[in-house]
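The values are calculated or read from the model by the stated rules, or taken from the named source; none is laboratory data. Values in this document were obtained by computation on a predicted structure and should not be read as measured data. FYI the Cβ positions are ideal-geometry reconstructions off the backbone, even for glycines, and counts take in every protein chain you see. Please note that ligands, DNA and RNA were not included when accessible areas were found on the heavy atoms of the full protein model with its side chains. Shrake-Rupley method; radii C 1.70, N 1.55, O 1.52, S 1.80 Å.
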Amino acid sequence: MFRNQRLGKTSQDVLDYLSSLEADKRIFKADLLVDRAHLIMLKENGLVSSKVCSDIFLELEKLEKNGYIIGNEEDVHEVIEKNVIVGAGPDGGRMHTGRSRNDEVATCIRLALRGEMLDLMHEQLSLIRTLVELAEKHTTTIIPGFTHTQHAQPTTLAHHLLAHADAAGRDLARLEDAYLRVNQSPLGAAAFASTGFKIDRQRTCNLLGFEGLVENSMDAVSTRDFILEVLADLSILMVNQSRLAEELVLWSTSEFGYLELDNLYASTSSIMPQKKNPDTAELARGKTGSVLGSLMAVLSICKGLPLSYNRDLQEVTPHLWRSMDWTRSTVRILDGCVSSLKFNLERLEQCAGAGFSTATELADSLVRITGMPFRTAHLIVGRIAASGRRPDLGELDSISLEYAGFRPSEHDFSEANLERALDPRSNVALRANTGGPAPVETERMIRDRLGRIAEGEERLAGRRSRVEKALGELGKER
Ligand code: ARG
């Protein structure tokens, strides 16, 4: 008798409805590891014999090598147990001593998710590096800066790219933080009330390379807040990526003409042969919507659940895996897309001064040189801007006389000052405060960010090696 024996009648429709086998493909390998760790602990605590332990190990290894046969089981845990019992005989059924599928599935999800998070961290670090290294090449590339999607002030391409890199850096930091709470072991909680068998939860925790226990056995099987947290982090990450993608779409239009995507990341139209569409960037925007939807779905699934385990929780996991796939592929694709962009540097520089984007600096210069209040200078330059012409000193003098009661040219404001204020490149050079676009400052930020990337890579390598060491030793246990 296997536990999947239904209460009497079976119907394929009902079985299909209950099944999590499709999503469980993602936790199959994790489940074999969890089984091994649990068995070793049972053996060490005299709860199964060495012989039974090694017989079951053999069956698990066969499953790992050859895959499994599915009958009418509900999930991968049943499939594995059934296969073990078929191979090892009724003693195979001792594997499930002192545990439940409830702690088992939560452990498997955490184990598999941990690995995916480490891979995503690697991909995210690569994207950040791409952005920073591209910035390194463009500290003096002048581009228009926008607010309200209107020309605002000149900046540099480095400054712009570093802004995206910093957002991506925070996304990484959030993932690293969530990792601490994902990498905790619920194993040994059993159904929710722990077990009367004298098990050793800390031992399975160590064998599986978890950093601690989800201690309360009721909490351990009930919670999916670690998934919510990861989905929230993925959602924020995707929103940031989507904004980058949106700029790729916008900047590659003929109206902007700031950049061109490599052909690999673009498609043509089936009807309009002249078209080059930024499809990868558009899909990054689109997949963002799907990830946000997953977060909402899982919040909604969890919000009304009483403790402890409820089968509703099975409905959570597919959202997690799908969102992980969407996010990871988006990060990889945008990384490749960004690193192969071709910028139209002439057009960028030419547009940098468009729309009187140097107006702020003209007002600032009036304040610095003549000492007039900023609001007065703002009014003067506003009048000039309304005329739509490039101002000369005479015009500046006559408008200033009206608003400030004096002529700037009589207060040390020269033709050269006017020239400098209206030059996008000197605008940028002047903005050398912390975080500003001046090349000295972006160069400093680039050095700093490259250092942070190296530190991130080191932390990632440390996490990976702790996991690999534990799982390596688990693999050697007999
Ligand atoms: N397939 C289930 C899930 O994903 C595993 C746990 C089932 N537990 C139970 N009591 N039916 O949540």
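Identify, please: which residue in the range 427-443 is exposed (fewer than 15 other Cβ atoms within 10 Å of the Cβ) and polar (S, T, N, Q) and is, among those, farthest from residue 354 (Cα to Cα)?
434
Given (1) surrounded by fewer than 20 Cβ atoms within 10 Å (Cβ to Cβ); (2) at pLDDT 95 or above; (3) under 25 Å from residue 318 (Cα atoms); (4) of a type in the set (A, V, I, L, M, F, W, C), identify the lone condition not met by residue 30.
(1)
With the condition kept exactly as written, say whether any residue in the range 64-73 is open to solvent by 20 Å² or more (accessible area, probe 1.4 Å), of a type in the set (Lys, Arg) and closer than 19 Å to residue 38 by Cα.
Going through the range 64-73, the residues open to solvent by 20 Å² or more (accessible area, probe 1.4 Å) turn out to be 64-72.
Now restrict to residues that are of a type in the set (Lys, Arg): 65.
Filter again for closer than 19 Å to residue 38 by Cα, leaving none.
No, that holds for no residue.
Among the residues of the range 277-300, is any touching a strand residue (DSSP E or B) at 6+ places or on another chain (Cβ under 6 Å) and free of Cβ contacts under 8 Å to residues at least 60 places away in the same chain?
Taking every residue of the range 277-300 in turn, at least one turns out to be touching a strand residue (DSSP E or B) at 6+ places or on another chain (Cβ under 6 Å) and free of Cβ contacts under 8 Å to residues at least 60 places away in the same chain.
Test of understanding: among 446, 453, which residue is in contact with an Asp or Glu (Cβ under 8 Å, 6 or more places away or on another chain), in a helix (DSSP H, G or I), open to solvent by less than 50 Å² (accessible area, probe 1.4 Å) and over 30 Å from residue 38 (Cα atoms)?
One residue alone meets the criteria, 446.
Read through the list (1) of a type outside the set (S, T, N, Q); (2) within 30 Å of residue 298 (Cα to Cα); (3) outside any loop (DSSP other than H, G, I, E, B), then give the number of the only condition that residue 193 fails.
(3)
Residue by residue, here is whether (1) among the aromatic types (Phe, Trp, Tyr); (2) over 18 Å from residue 229 (Cβ atoms); (3) more than 16 Å from the ligand (Cβ to nearest atom) holds:
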{"position": "281", "(1), (2), (3)": "no, yes, yes"}
{"position": "289", "(1), (2), (3)": "no, yes, yes"}
{"position": "300", "(1), (2), (3)": "no, no, yes"}
{"position": "305", "(1), (2), (3)": "no, no, no"}
{"position": "313", "(1), (2), (3)": "no, no, no"}
{"position": "319", "(1), (2), (3)": "no, no, no"}
{"position": "330", "(1), (2), (3)": "no, yes, yes"}
{"position": "341", "(1), (2), (3)": "no, yes, yes"}
{"position": "346", "(1), (2), (3)": "no, yes, yes"}
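Checking the structure you have, find out if any residue of the range 315-329 is of a type in the set (Asp, Glu) and closer than 22 Å to residue 233 by Cβ.
Residues of the range 315-329 of a type in the set (Asp, Glu): 315, 325.
Applying the additional criterion that residues be closer than 22 Å to residue 233 by Cβ yields 315, 325.
Yes, because at least one residue in the range 315-329 is of a type in the set (Asp, Glu) and closer than 22 Å to residue 233 by Cβ.
How many residues does the range 281-310 hold that are within 24 Å of residue 146 (Cα to Cα) and among the β-branched types (Val, Ile, Thr)?
1
Taking only the range 132-185 into account, find how many residues are open to solvent by less than 10 Å² (accessible area, probe 1.4 Å), touching a strand residue (DSSP E or B) at 6+ places or on another chain (Cβ under 7 Å) and in a helix (DSSP H, G or I).
So the answer is 1.
If you check residue 107 against the conditions, is it within 16 Å of the ligand (Cβ to nearest atom), open to solvent by less than 10 Å² (accessible area, probe 1.4 Å) and more than 30 Å from residue 11 (Cβ to Cβ)?
Details: within 16 Å of the ligand (Cβ to nearest atom): yes; open to solvent by less than 10 Å² (accessible area, probe 1.4 Å): yes; more than 30 Å from residue 11 (Cβ to Cβ): yes.
Criteria met by residue 107.
With respect to residue 83, is the statement that it is more than 22 Å from residue 217 (Cβ to Cβ) and surrounded by 20 or more Cβ atoms within 10 Å (Cβ to Cβ) true?
Taking the combined requirement at face value, the residue satisfies it.
Do any helices (runs of 4 or more DSSP H) entirely within the range 1-102 hold 2 or more residues that are within 16 Å of the ligand (Cβ to nearest atom) and closer than 23 Å to residue 197 by Cβ, and if so, which?
Of the helices (runs of 4 or more DSSP H) lying wholly inside the range 1-102, those with at least 2 residues that are within 16 Å of the ligand (Cβ to nearest atom) and closer than 23 Å to residue 197 by Cβ span 28-44, 76-88.
Which of the residues that make up the range 89-124 are among the small types (Gly, Ala, Ser) and farther than 26 Å from residue 456 by Cα?
Hits for the range 89-124 are 89, 92, 93, 98, 100, 106.
Every residue in the range 16-29 that is within 21 Å of residue 67 (Cα to Cα) and either in contact (Cβ under 8 Å) with a residue 12 or more places away in the chain or among the hydrophobic types (A, V, I, L, M, F, W, C) (or both), please.
19, 20, 21, 22, 23, 24, 25, 26, 27, 28, 29
Please specify each residue of the range 267-286 satisfying the condition of being of a type in the set (Val, Ile, Thr) and under 16 Å from residue 250 (Cα atoms).
Selection gives 280 alone.
Just to be sure I understand the filter: pairs with C-beta atoms under 6 Å, separated by 6 or more residues or on different chains, first member in the range 377-391 and small (Gly, Ala, Ser), second member modelled with pLDDT of 95 or more. Which pairs pass?
377/363; 377/366; 377/367
Quick check, is residue 240 free of Cβ contacts under 8 Å to residues at least 60 places away in the same chain, away from the ligand (no atom under 16 Å from the Cβ) and either under 21 Å from residue 121 (Cβ atoms) or not charged (D, E, K, R) (or both)?
no
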